[in-house]
Amino acid sequence: MYEDLLENPSTRDIKATLRALAKADDTEVSQAIKLIDNSTECELLRGEYQIFKAKHPSGEFKDSNFKCPPDLIREAAAEALRSMPKQTGGAPGIAEIDNYFAQNLVGYWIKSTKSKPTINNRGVKLSPFQNFAAGMFERVGRTSNRKKKDCIPTKRSPLADLYRILRKAIKAEKEKGFWPF
C-alpha cells in the first residue's frame, strides 16, 4: 500500500502530461497514449466521460481505452485539465498514507474479530486493537524502534501520533455508516 501510493505521480506531473497531450500532433498523441501512467489515464478517462455526458446525458459510457481519434484524446486531456483541482500538490504524503492504512486496519479488525476496535491513551498498556495496529505499522517500517510501547503518544517517537491516527481512522469508519457497534 505504501509503495503503491508513494509511486503515484504528482498532480503537477499529471497536469504537465495532459497539457502536452492537449497540444500534441496526431503522431505524438498516438505514441504517447501507449506510454501514459495509470493516474494520467484515469484523468483522461474522466475528461472523456465528461465530454460524453455533456453530449449524451442519458447514454451509457463505456471505457474507451483510448481507441478513439487523436482529436478526441486532445479534447479529453483539455477537459480533464479544466476540471482538475487548481492546487499543484504532489503525491500523497506519508501522513495521508498512514491515515489510509489505519482505516484499512480498523476495517480488517472489525471483519476478522467481530469486535469493536478500542484505543488507550494512558499508561503503557495497549488495547488489543492498538497492539495489532502498532505491529502492522512496525511491519511496514513506521516505527523508530522495536518497542511497541513507543507507539503510545510520547514526544520521542515518530509514531507518537499513532493514537491520534487510530482515533481518526475509527471515526472515519464510523462515518462511513458500516459501523456494526
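The values are calculated or read from the model by the stated rules, or taken from the named source; none is laboratory data. Keep in mind that what you see is a predicted model, and the values were worked out from it rather than measured. Because the Cβ atoms are built from the backbone with ideal geometry, glycine has one as well, and the counts that use them run over all protein chains shown. Areas reflect the complete protein model, heavy atoms only, side chains present, ligands, DNA and RNA absent. Shrake-Rupley method; radii C 1.70, N 1.55, O 1.52, S 1.80 Å.
Looking only at the range 4-14, how many residues end up being assigned to a helix (DSSP H, G or I) and open to solvent by 80 Å² or more (accessible area, probe 1.4 Å)? Before the answer, list the steps.
First, the residues of the range 4-14 that are assigned to a helix (DSSP H, G or I): 4-6, 11-14.
Filter once more, keeping what is open to solvent by 80 Å² or more (accessible area, probe 1.4 Å): 4, 6, 12-13.
Here the count works out to 4.
Do we have residue 133 as open to solvent by less than 80 Å² (accessible area, probe 1.4 Å), within 30 Å of residue 35 (Cβ to Cβ), at pLDDT 85 or above and part of a helix (DSSP H, G or I) here?
Taking the combined requirement at face value, the residue does not satisfy it.
Out of 111, 149, 116, 174, which single residue is modelled with pLDDT of 80 or more, more than 20 Å from the chain's Cα centre (by Cα), among the basic types (Lys, Arg) and not in a loop (DSSP other than H, G, I, E, B)?
111
Any residue that is aromatic (Phe, Trp, Tyr), assigned to a helix (DSSP H, G or I), modelled with pLDDT of 85 or more and more than 17 Å from the chain's Cα centre (by Cα) - is there at least one of those in the range 96-104?
Within the range 96-104, not a single residue is aromatic (Phe, Trp, Tyr), assigned to a helix (DSSP H, G or I), modelled with pLDDT of 85 or more and more than 17 Å from the chain's Cα centre (by Cα).
Can you pull out every residue in the range 15-59 that is surrounded by 12 or more Cβ atoms within 10 Å (Cβ to Cβ) and hydroxyl-bearing (Ser, Thr, Tyr)?
17, 30, 39, 40, 49
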